[in-house]
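Just below is one structure, and these are the notes that go with it.
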Amino acid sequence: MLLAGIAGAVLLSPLLMRGADNDLPIYFENSTLVLKTQTVNRISYLPLADIVRQLSLPFTNDTVQEMFTVRGTNSQVVLTRNSAAISVNNQIALLPNPVLHDNGTWLVPYEFLPQGLSRITGTEFRRRAGTPRVFAGAVKPAELTMNAQFQGSLTRLTLRTSTPVTLEMRRETAQHRTILAFVPKVIDPARETLDYKDRLVSSIDFSDSDGMAKIIVETTDEVGDVRILSADENRVHFIDFIRKTEVTGTSQTPAEAPTAAGTASAGKQDPAAAPTGAGAPVTGGIRVIVLDPGHGGTDTGAMTLGVLEKDLTLIIARKLRATLQSRLGATVLLTRDSDVPLTSEARASVANNNQADLFLSLHIGYSANQSDLGSSVYVIKDNFAASLLSGETGRRLFLPWYLGYRPHRPSSVQVAGLASEELSNAFPGWNFPLRNGPVAVLASAAMPAMLLEIGNLANPTSTQALLDNTFQTKLSVTIAAAIERFSAMRPAAK
């Protein structure tokens, strides 16, 4: 027999050194098989009979010749104990590690699936090196990236998937653990563990060893509440772990900085660290502010000589967040904290679902006229102002999502006017006129909302200023001053 001749040269009698066993799921189109792997000589082995039965393939276990035969349609694969040679339709293939037959159980290395079973069944088996899961056939997992960031009164875990997923949360309060389950989805994470830890979160790990994809977050006893916000048609999920003091409304002490940064999000990120203090207590009517760094991902926005609008808006948003937290003591959230795309509706939904008191979208201007500094403060144009003033809006039970701005437009004009005044005074010659326009990102924001367009990337002087750290800091302080004035005009939050 051809196999016997070849196998004779590669028969092995290894001294079996066992390690810890682990569970490995194989995802098929309509089912999931969870295998108990065995580690022998530092190699993970799979129980062959369980896989063959899952595929409903006939097989023969010849205990006399110590051979195992699996049959497909007009095809077969033959394995021999302690040999790395297998016969596939009478052709020899060599596996990187031998097949084992131990205590009545046939064990195969992962490579047997693509090199052996695939050739007699037509089923493709895929596994990324170092990951504990296998995808079979036409199964297409949702790719997952994770990013965590400390924001003073909370830790935000951001999950991004390549396709929409449903996320369900279960809190195990006594164990200080939160489980985030993907239902029902096959997930392929970029990493199994997010190297992140701060005063609220102890560890963040992905697990699907039981065939159910989930993220397990171990928390400290300082966490009082956990909330989920989904955006971008369920491709982005924000999970906020909120301090007990924030939940109960008591005063806060300065928070400790995280000991490691979560870096698994896609794209380029500003190296600036997250703020490490909760800032001053909230004294005015603005408790929650959502900042929207314009553009992101493949949507770069305006650009010139390698300077991209999407990068500048994110840098400025991060600086402004720190300033607002320090001056107002408010909770400040970003619609995106990495280089990812978001729809206008997804950006506004971050503000709506967090019951924000103010929504501010940040953009950088661009004008072909280099002498034009391009700066403006926008509120959404309202073609139905008359009906708003007549009280028609107040008599309606609800508004369509794209008219969410209408009850708050007077307040939007008020805060935008303050921003225009402060910025015009702080940056003479830049001009920050108050303008009306059909700004899509503001349409569904159910709170005071404005959009700042800053500078002109076609103007070299303007671009150089926008890249300057001192300018960015002054810009953040000026915007914060306008918001602080607006907050003082509003009723204090209870």
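Quick look at the values:
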read-out: Residue within the range 96-112 that is touching a helix residue (DSSP H, G or I) at 6+ places or on another chain (Cβ under 6 Å) and over 30 Å from residue 321 (Cα atoms) present; value: yes
read-out: Matching residues in the range 453-475 - criterion: being surrounded by fewer than 21 Cβ atoms within 10 Å (Cβ to Cβ) and either aliphatic (A, V, I, L, M) or under 18 Å from residue 323 (Cβ atoms) (or both); value: 458, 465, 467, 468, 469, 470, 471, 472, 473, 474
read-out: Complete set of residues in the range 145-160 that are of a type outside the set (Ser, Thr, Tyr) and within 15 Å of the chain's Cα centre (by Cα); value: 146, 147, 148, 149, 150, 156, 157, 159, 160
read-out: Pairs, first over 18 Å from residue 42 (Cα atoms) in the range 90-116, second among the hydrophobic types (A, V, I, L, M, F, W, C) and outside any strand (DSSP E or B), C-beta under 6 Å, six or more apart; value: 92/6; 94/84
read-out: Condition met for residue 405 (buried (at least 22 other Cβ atoms within 10 Å of the Cβ), modelled with pLDDT under 80 and in the same structural domain as residue 437 (by TED's automatic domain parsing)); value: yes
read-out: Subset tally (residues that are more than 16 Å from residue 218 (Cα to Cα) and out of contact with any Lys or Arg (no Cβ under 8 Å at 6 or more places or on another chain)) for the range 160-202; value: 9
read-out: From the options 160, 133, residue that is buried (at least 21 other Cβ atoms within 10 Å of the Cβ) and touching a Pro at 6+ places or on another chain (Cβ under 6 Å); value: 133
read-out: Conditions (1) under 26 Å from residue 465 (Cα atoms); (2) surrounded by 18 or more Cβ atoms within 10 Å (Cβ to Cβ); (3) hydrophobic (A, V, I, L, M, F, W, C): number failed by residue 303; value: (2)
read-out: Condition broken by residue 145, with the remaining ones in (1) at pLDDT 95 or above; (2) assigned by TED's automatic domain parsing to the domain that holds residue 187 satisfied; value: (1)
read-out: Residue list for the range 109-139, filter: in a loop (DSSP other than H, G, I, E, B), modelled with pLDDT of 95 or more and among the basic types (Lys, Arg); value: 133
read-out: Selection status of residue 139, buried (at least 20 other Cβ atoms within 10 Å of the Cβ) and either within 30 Å of residue 57 (Cα to Cα) or among the aliphatic types (A, V, I, L, M) (or both); value: no
read-out: Residues satisfying the stated conditions in the range 114-148, i.e. of a type in the set (A, V, I, L, M) and farther than 26 Å from residue 337 by Cβ; value: 117, 120, 129, 134, 136, 138, 139
read-out: Check on residue 375, modelled with pLDDT of 95 or more and either of a type in the set (A, V, I, L, M) or buried (at least 22 other Cβ atoms within 10 Å of the Cβ) (or both); value: no
read-out: All positions within the range 63-79 that are crowded, with 20+ Cβ neighbours inside 10 Å and in contact with a Pro (Cβ under 9 Å, 6 or more places away or on another chain); value: 70
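So that you can scan it fast, the table gives a plain yes or no per residue for (1) over 23 Å from residue 484 (Cβ atoms); (2) of a type in the set (Phe, Trp, Tyr):
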position: 341; (1), (2): yes, no
position: 344; (1), (2): yes, no
position: 348; (1), (2): yes, no
position: 359; (1), (2): no, yes
position: 362; (1), (2): no, no
position: 369; (1), (2): yes, no
position: 374; (1), (2): yes, no
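The values are calculated or read from the model by the stated rules, or taken from the named source; none is laboratory data. On a predicted model such as this, the values are computed, not experimentally measured, just so you know. Methodologically, a virtual Cβ is constructed for each residue, glycine included, from the backbone with ideal geometry; neighbour enumeration extends over all protein chains shown.
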